[in-house]
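A short worksheet on the structure shown next.
The values are calculated or read from the model by the stated rules, or taken from the named source; none is laboratory data. Nothing here was measured: the structure is a model prediction, and the numbers come from that model. All Cβ positions, even for glycine, are placed from backbone atoms using ideal geometry, and neighbour counts span all protein chains on display.
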Amino acid sequence: MSWSMAPDFQLTDINDLTEQIRFQSKEGKIWFGEQRMLLMQVSAMAAFRRELVNSIGLERAKGFFLRLGYQSGLRDAELARKLRPDAHDFDTFWAGPQLHSLKGMVKVVPIEIVIDQETRSFHGELEWFDSWEVEVVKKEFGQLDEPACWSLLGYACAFSSSFMRREIIFREVSCRGCGDERCLIVGKPAEEWEDGIEFAKYFTAEPIIEELYSLQSQVQSLRTSLERQQGQYYGIGQSAAYKEACAKIDKAAQGKVSVLILGETGVGKEVIARSVHLRSQRADKTFVAVNCAAIPQDLIESELFGVEKGAYTGANHGRPGRFERANGGTIFLDEVIELTPRAQASLLRVLQEGELERVGGTQTYQVCVRIIAATNESLEQAVNEGRFRADLYYRLSVFPVHIPPLRERLEDLPLLVEHFLNKFHNDYSKRTLGLSDKAWGYLNSYAWPGNIRELENVIERGVILTDSNETISLESLFPTPMLEAQNTDEEHIYSDGQVIKPGDKPSHSWIDTVFNKSIGLDAVEEQLIQRALLEANNNVAGAARLLGLSRPAFAYRLKKLEEKQTR
Ligand SMILES: [Zn+2]
């Protein structure tokens, strides 16, 4: 038996369905047949739908709602078969649209429905009025670029498929949710749709958690590589001098040889050592950096090679040194020239035999560590003066790489400044407008004795002193007296209105500044201390030497200054 219908078809009564609804308000339950139901605000569903779209995207949200409708359609088809058992009866099919209406989802009006249960052919065209999903979309999004009645469509597919016992797919061919005049759906067996298989995929829940895990690991690896790049200015630069150095570093990284990094203080030797490590086959192993100048001479051996229990009074436990900790990886020995003769001998043994003994012990430990050494003094000269072992020097200097000072690669300034601006904008959660033209001009003429580390400090200072959406001025980059001392070729107007022409008192111009601007001794001292620390790589003893002070005297002034700053 088959039947088709036209719009004037007499629809059956809905009473058998409405009778299924029972409220057990005292029990906190609503029933529809044997299914527990919920009475829920459309606005709550709207908020849920919006959140889903925002958090997992339109395509996935669409899948969720299609499947939500699908589940509902399956259950209603079951109820329809129970209440209207004659499958050849059109009323049984029509229970679906009626239930949809009854539940307040949508009003369904048939346009054309042709069903033949014998041949199991199906063709349906229906119009939807007042779809709850269109209402939600209009309220929340204005309109979508594609049909919006997702859960309704899922319901239609499930109900019809269950009724026909074959896969029927409905598509919304026009929808008010995307600006069309009407919501029209067309349904036919899945295989009669060209893209039926693809559409049916919406009805299989893809486990989002697997995708999340795989994305998570991608994010993790991206983050790791970002962290590796962050704060590192290796590779930032296009000057010939720097590119040449980088090419050498890349070559060195792939091999196993010891690398000797030469260059002035602040050129970024540790950063470069780290990139050698990260580009080597040991990249996933430990990288240990040691500044030999920062460790007291009598401790350097135990620090590097470890201590055996009972080696000296108080050595109650044996402990490994930096070499053992770096085993399998890379050790970076900065200021290697500062090693004591005994430490030099132990280092030579590690290089030659791959073994070491802890201080105070006789047991031999095998270590496989790649050594990257650095110095800003001439090792050759130290060898000539008898301060450094010649055999160790030859071992270390198999692959020397010279890192040019910043003043020899000023064309790299824009890239480096951009790098540090990004870094400090992030660190201090602000966004300045970058450097003023005057600041740029000065940066390009400055000698940069502290090299890239000094540039980094200068940019950090500028970012700290400058508000968001303001330009970093020259004065916020450098302390004023320093600037006045350097800019002797400019005319200055002091507070009394007097113009000082270039060359007037060149050797005393910064002293004039101090007096004329009432800068005060404290401020001068503060800036001298900061500059000395900068020059000495924050080494207190070194900074004291630069100012002709004893270490305790300098430390005292520094402490006073820090107290003042934290007050
Ligand atoms: Zn629609």
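Per-structure values
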read-out: Failed condition for ALA158, given (1) within 14 Å of the ligand (Cβ to nearest atom); (2) under 19 Å from LEU68 (Cα atoms); value: (1)
read-out: Hits in the range 186-198 (condition: within 16 Å of the ligand (Cβ to nearest atom) and out of contact with any helix residue (DSSP H, G or I) (no Cβ under 6 Å at 6 or more places or on another chain)); value: VAL186
read-out: Near pairs, Cβ below 6 angstrom, 6+ apart or cross-chain, from the range 160-177 (touching a residue at least 60 places away in the same chain (Cβ under 8 Å)) to any residue that is assigned to a strand (DSSP E or B) and within 16 Å of the ligand (Cβ to nearest atom); value: SER160/GLY187
read-out: Hey, LYS423 surrounded by 15 or more Cβ atoms within 10 Å (Cβ to Cβ) and either touching a Cys at 6+ places or on another chain (Cβ under 8 Å) or free of Cβ contacts under 8 Å to residues at least 40 places away in the same chain (or both) or not; value: no
read-out: Top-ranked residue of the range 400-435 - restricted to ones that are basic (Lys, Arg) and assigned to a helix (DSSP H, G or I), ranked as farthest from GLU380 (Cα to Cα); value: LYS423
read-out: Top-ranked residue in the range 14-69 [being touching a strand residue (DSSP E or B) at 6+ places or on another chain (Cβ under 8 Å) and among the basic types (Lys, Arg); ranked as nearest to GLU172 (Cα to Cα)]; value: ARG36
read-out: Residue pairs meeting the criteria (Cβ under 6 Å; at least 6 apart or on separate chains; first more than 20 Å from CYS368 (Cβ to Cβ), in the range 288-311; second β-branched (Val, Ile, Thr) and in a helix (DSSP H, G or I)); value: CYS292/VAL336
read-out: When residues of the range 127-143 are limited to those that are modelled with pLDDT under 90 and farther than 15 Å from PHE65 by Cα, the one surrounded by the fewest Cβ atoms within 10 Å (Cβ to Cβ); value: GLY142
read-out: Odd one out for TYR394 among (1) modelled with pLDDT under 90; (2) of a type outside the set (Lys, Arg); (3) assigned to a helix (DSSP H, G or I); (4) under 23 Å from LEU262 (Cβ atoms); value: (1)
read-out: Residue within the range 544-552 that is part of a helix (DSSP H, G or I), in contact with an Asp or Glu (Cβ under 9 Å, 6 or more places away or on another chain), under 20 Å from ASN457 (Cα atoms) and not β-branched (Val, Ile, Thr) present; value: yes
read-out: Subset of the range 123-146 (residues that are farther than 10 Å from ARG176 by Cβ, touching a residue at least 24 places away in the same chain (Cβ under 8 Å) and of a type outside the set (Phe, Trp, Tyr)); value: HIS123, GLY124, GLU125, LEU126, GLU127, VAL136, LYS139, GLU140, LEU144, ASP145, GLU146
read-out: Restricting the range 166-181 to residues that are in contact with a Lys or Arg (Cβ under 8 Å, 6 or more places away or on another chain) and more than 11 Å from the ligand (Cβ to nearest atom), the residue that is farthest from ASP130 (Cα to Cα); value: ARG166
read-out: Tally of residues being within 16 Å of the ligand (Cβ to nearest atom) and among the hydroxyl-bearing types (Ser, Thr, Tyr) across the range 115-138; value: 1
read-out: Within the range 436-455, tally of residues that are assigned to a helix (DSSP H, G or I) and in contact (Cβ under 8 Å) with a residue 40 or more places away in the chain; value: 6
read-out: Selection status of CYS149, closer than 20 Å to MET40 by Cβ and within 11 Å of the ligand (Cβ to nearest atom); value: yes
read-out: Residue in the range 240-276 that is farthest from VAL398 (Cα to Cα), counting only those that are among the acidic types (Asp, Glu) and under 26 Å from the mean Cα position of the chain (by Cα); value: GLU270
read-out: Strands (runs of 3 or more DSSP E) (entirely within the range 14-69) containing at least 3 residues that are among the β-branched types (Val, Ile, Thr); value: none
